[in-house]
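Below you'll find the structure, written out as C-alpha cells, and then a few comments.
The values are calculated or read from the model by the stated rules, or taken from the named source; none is laboratory data. Quick caveat: nothing in here was measured; it's all calculated off a predicted structure. As a convention, Cβ positions derive from the backbone with ideal geometry for all residues, glycine included, and neighbour counts pool all protein chains shown. Only protein heavy atoms, including side chains, enter the accessible area calculation; ligands, DNA and RNA are left aside. Shrake-Rupley method; radii C 1.70, N 1.55, O 1.52, S 1.80 Å.
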Amino acid sequence: MSSHGDEPELTKAVSLELDATGVIPSVGGPETGEFAPIDSGKLEALASGSAHLVVRRGALEGMQFALSPSEQMTIGRSSESRIFLDDVTVSRKHAAISLVDSDWVLSDSGSLNGTYVNKQRVISTALLNGDEVQIGKFRFVFVLAPATGQ
C-alpha cells in the first residue's frame with residue numbers, strides 16, 4: 001500500500017526469465033494463433049503450487065502476474081485493479097480471478113468486450129493449467145506451477 005493508505009497496491013508483473021530480461025519470445029505466429037510452450041525450466045523456477053497469468057500477446061508480452069490465493073485478483077483498466085491493463089479494449093472493471101475451494105475461478109465483471117477462455121466467451125469458469133485467457137486484446141496463459149513432489 002502507498003503511504004497515503006488510499007491507493008491499492010498493484011500486482012507487480014515479473015518476468016519468467018531467470019535473467020530478468022522481461023520477455024518470453026512468442027514462437028507461434030499470428031497466422032496460426034498458436035503459442036510456443038513455456039520452457040519447463042522456467043516453470044520449475046516458480047514457487048511450488050503457485051498460479052500465474054502469463055501474457056502471451058499484448059503490450060506486456062512475456063510478463064507474468066502471480067495470483068494470490070488469499071484475495072480476489074481484479075483485472076481491468078481501472079488503476080484500482082490488482083492487474084492493471086491499460087488499453088481501451090479492456091473495461092475498467094473487466095474480470096476477476098479467485099481461488100474457490102481448490103479451483104481458480106475466472107469471472108467476467110460485466111465487461112463490454114467479454115472475457116474468453118480457450119476462445120469461448122465465459123461468465124464464470126474454473127481455469128485449468130494451460131488455458132488461454134483473453135481480456136481485450138491481451139492474451140494470457142494460465143499456469144499452475146507443479147506442487148513439490150509431482
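One table, with the values for the structure above:
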item	result
Sole residue being modelled with pLDDT under 95, loosely packed, with under 15 Cβ neighbours inside 10 Å and more than 13 Å from F140 (Cβ to Cβ), chosen from G28, G110	G28
Test: residue in segment 80-100 that is under 18 Å from L144 (Cβ atoms), modelled with pLDDT under 95 and part of a loop (DSSP other than H, G, I, E, B)	no
Some residue of segment 114-128 being assigned to a loop (DSSP other than H, G, I, E, B) and surrounded by 19 or more Cβ atoms within 10 Å (Cβ to Cβ)	yes
Hits in segment 71-101 (condition: open to solvent by less than 10 Å² (accessible area, probe 1.4 Å) and either of a type in the set (A, V, I, L, M) or more than 15 Å from the chain's Cα centre (by Cα) (or both))	M73, I75, I83, L85, V90, A95, A96, I97
